[in-house]
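Read the structure below first, then the notes.
The values are calculated or read from the model by the stated rules, or taken from the named source; none is laboratory data. No experiment lies behind these values; they were computed from the predicted model shown. Because the Cβ atoms are built from the backbone with ideal geometry, glycine has one as well, and the counts that use them run over all protein chains shown. Ligands, DNA and RNA are stripped out before the accessible areas are found, and what is left, the full protein with its side chains, is counted by its heavy atoms. Shrake-Rupley method; radii C 1.70, N 1.55, O 1.52, S 1.80 Å.
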Amino acid sequence: MRVFPRRLVGGAGVLLVASALALAAQEHGYTPADVENGTRLYQSSCAGCHGPNGDGIPGIDLARGQFRRATSDTELIAIIRAGIPGTTMPPSGFAEAQAATIVAYLRSMGPSAPRTASDSDATIAVAGAARGKALFTGKGQCAGCHRVNGVGPRVAPDLSEVGAVRPVPELRQKLLDPSALMRPGNRFVEAVTRDGARITGRLLNQDSFSIQLIDSSERLVSLPKSNLREFAFMRTSPMPAYRDKLTADELGDLVSYLVSLKGIRP
């Protein structure tokens, strides 16, 4: 991400940040303050699903202006505020001015530098993916919850494209401490109805009137909000930690397999 790189310090860093803000303001009519405010809102409310660089969802790259349903700033503001029915994009509750600052930030984001393989990434041998797949379906028991390329349950997030949207360090950390990296779009929720029934599952969507989730039996459940006494995100992930269950080599092989999952291709 070109705007607000935290690793830049000192006078040179300040000048580069100021130049980026000024360019965004000049090209789209936004002020540096708009971009700064939008940055804070994006990082706190949007980055969990879209990623810090805006490329966390397949087919969408916010930094490059690659959207599915909008092109103009007005359309983007409307989507940020109202969400997209039938998807995991919920209404935000932001005022129009707040949503506009997020758009200001998106417009200020320059093309990300191509990701290059690091030394640590290179150590993950291609051959390890085959061993990792065996761990995924066997010792690790990952296939009991996750779906890959149309095979498996829907209880946990689909991993068919996880290698395209999550970097190696994040995948490894997720295996070691699942609760440390819980993206809002993948979090589990717990709801209590007015008659005391407790329902847990993975959140699929919510709007102003209802919540849709998939429970542990893979049943799609729609709950009217008017019938709920409580509703909250679970603070811990139901996914087990593999820190003491897999060896370092096995963890590397499992990560290697996850990295290989780029989606079904013809």
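Overview of results
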read-out: Residues that are buried (at least 17 other Cβ atoms within 10 Å of the Cβ), touching a residue at least 40 places away in the same chain (Cβ under 8 Å) and on the phi < 0 side of the Ramachandran plot, drawn from region 54-88; value: 55, 56, 57, 62, 63, 73
read-out: Complete set of residues in region 237-266 that are open to solvent by 60 Å² or more (accessible area, probe 1.4 Å) and within 16 Å of residue 155 (Cα to Cα); value: 238
read-out: Filter result (of a type outside the set (A, V, I, L, M, F, W, C) and more than 15 Å from residue 158 (Cα to Cα)) within region 206-220; value: 206, 207, 208, 210, 212, 217, 219
read-out: Some residue of region 177-190 being closer than 15 Å to residue 255 by Cα and under 12 Å from the mean Cα position of the chain (by Cα); value: no
read-out: Boolean, residue 198 is over 19 Å from residue 157 (Cβ atoms) and loosely packed, with under 15 Cβ neighbours inside 10 Å; value: yes
read-out: Test: residue in region 152-171 that is hydroxyl-bearing (Ser, Thr, Tyr) and either within 27 Å of residue 92 (Cα to Cα) or in contact with a helix residue (DSSP H, G or I) (Cβ under 8 Å, 6 or more places away or on another chain) (or both); value: no
read-out: Residue list for region 128-159, filter: hydrophobic (A, V, I, L, M, F, W, C) and assigned to a helix (DSSP H, G or I); value: 129, 130, 134, 135, 136, 142, 143
read-out: Qualifying residue in region 59-69 (condition: among the hydrophobic types (A, V, I, L, M, F, W, C), within 14 Å of residue 109 (Cα to Cα) and not in a loop (DSSP other than H, G, I, E, B)); value: yes
read-out: Any hit, region 248-256, residues being without any contact (Cβ under 8 Å) to a residue 60 or more places away in the chain and in contact with a Ser or Thr (Cβ under 7 Å, 6 or more places away or on another chain); value: no
